[in-house]
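One structure below.
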Amino acid sequence: MFIFIKGELKMDSMEDKTMSQVTVKDLMIPSEKVAHVQTNNPLEHALLVLVKTGYSAVPVLNSSYQLKGIIGKSIILNETLGLERFEFERLSEITVEEVMDTDIPVLHEHHSYIDGLKAVINDPFVCVVDNEQYFDGILTRRAILKQARNNYYLANQTTYQ
Ligand code: AMP
């Protein structure tokens, strides 16, 4: 929610930060709330996680919780495509790291709102890591759009929750 303090519009839900001070850290989903799979998991497990959570893709981490890639339903289904049918039995033989997408953008917690906005133009979510690739969370396009909506109401001097 937005409030006026000494003539300046601030956000009381983000420790009274002004808009220009909002960072990726303020908007991201923290790692403990993010569903993920591990590099050595079979694709069968990854598909189960994706179907159960309803997400189209999730981050892939190694055993030290460093980000290694992203795996999505379409990559997995592509691996099951046989000549005449889906060969789902193959999913237990292939590990996530063999087929995951490793060419992915990343953000850092200190990046600004506009850095985050640019990053999610082409992806529904972008992973947030520290300097050693340890996974901190994800920034979703939804979070950026919600903030953009708030910015719109801010510009019209309306309070919106
Ligand atoms: P949303 O903005 O909630 O529609 O999420 C967009 C995409 O971000 C989802 O399809 C997932 O790939 C990913 N995502 C969002 N929230 C989570 C979460 N808690 N755990 C893992 N992935 C997530």
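The values are calculated or read from the model by the stated rules, or taken from the named source; none is laboratory data. Note that the coordinates shown come from a computational prediction; the quantities given were computed from them, not determined experimentally. FYI the Cβ positions are ideal-geometry reconstructions off the backbone, even for glycines, and counts take in every protein chain you see. Ligands, DNA and RNA are excluded from the accessible area calculation, which covers all protein heavy atoms including side chains. Shrake-Rupley method; radii C 1.70, N 1.55, O 1.52, S 1.80 Å.
Distances between placed amide hydrogens fall under 5 Å for residue 69 paired with 60, all partners being 5 or more residues away or on another chain.
In this structure, the residue pairs whose Cα-Cα separation is over 20 Å, taken from 25/146; 52/73; 68/118, are 68/118.
Comparing mean-square fluctuations of 61, 50, 77 from a GNM of the chain with C-alpha springs under 10 Å, the top value falls on 77. In the elastic network of the chain, a GNM with C-alpha springs shorter than 10 Å, the most mobile of 34, 120, 129 is 34. Site-free segments of the chain were taken between GluC sites (Glu not before Pro) in DSSP loops having at most 14 other Cβ atoms within 10 Å, sites themselves excluded; the longest one is 16-83.
Give the range of the longest stretch in the chain that excludes all trypsin sites (Lys or Arg not before Pro) found in loop regions by DSSP and having at most 10 other beta-carbon atoms within 10 Å.
On the way: sites that count: 6, 85.
It works out to 7-84.
If you restrict to DSSP beta bridges whose two residues both lie in the chain, what percentage is antiparallel, to the nearest 5?
Among the beta bridges of the chain, antiparallel pairing accounts for roughly 85 percent.
Annotation: average projected area of region 42-86 is 3.5 square nanometres, based on the convex hull of Cα atoms across all directions. Projecting label points 7 angstrom from Cα along Cα→Cβ for residue 108 and residue 93 puts them 4.4 nm apart. Computed from Cα atoms, the angle from the helix 141-155 axis to the main principal axis of the chain rounds to 10 degrees. Taking each DSSP H run with n ≥ 4 as -39500 (n - 2.57) and averaging over every residue of the chain yields -8000 deg cm²/dmol at 222 nm.
Provide the per residue accessible area, probe 1.4 Å, for the chain, rounded to a whole number of square angstrom.
Working: 9740 Å² over 161 residues.
Averaged over the residues of the chain, the accessible area is 60 Å².
Fully extending the segment from residue 45 to residue 63, taken as 0.36 nm per residue of separation minus the present Cα-Cα distance, adds 4.9 nm. Residue 107 sits among other residues whose Cβ lies under 13 Å from its own Cβ, and their net charge, with Lys and Arg +1 and Asp and Glu -1, is -3.
Each label was represented as a point 7 Å from its Cα along the Cα-to-Cβ direction; for residue 132 and residue 145 these points are 3.7 nm apart.
How big is the antiparallel share of DSSP beta bridges in region 34-118, given as a percent to the nearest 5?
Details: 8 of 10 bridges.
Within region 34-118, antiparallel bridges account for around 80 percent of the total.
Quick check: at a probe of 1.4 Å, how many percent of the accessible area of region 25-161 sits on carbon and sulfur atoms?
Details: 4020 of 8210 Å².
Exposed carbon and sulfur together represent 49 percent of the surface.
Convex hull volume of the Cα atoms in the chain, per residue, in Å³? Present the calculation step by step, with values, prior to reporting the outcome.
Details: hull volume 20.4 nm³, N = 161.
Dividing the Cα hull volume of the chain by its residues yields 127 Å³.
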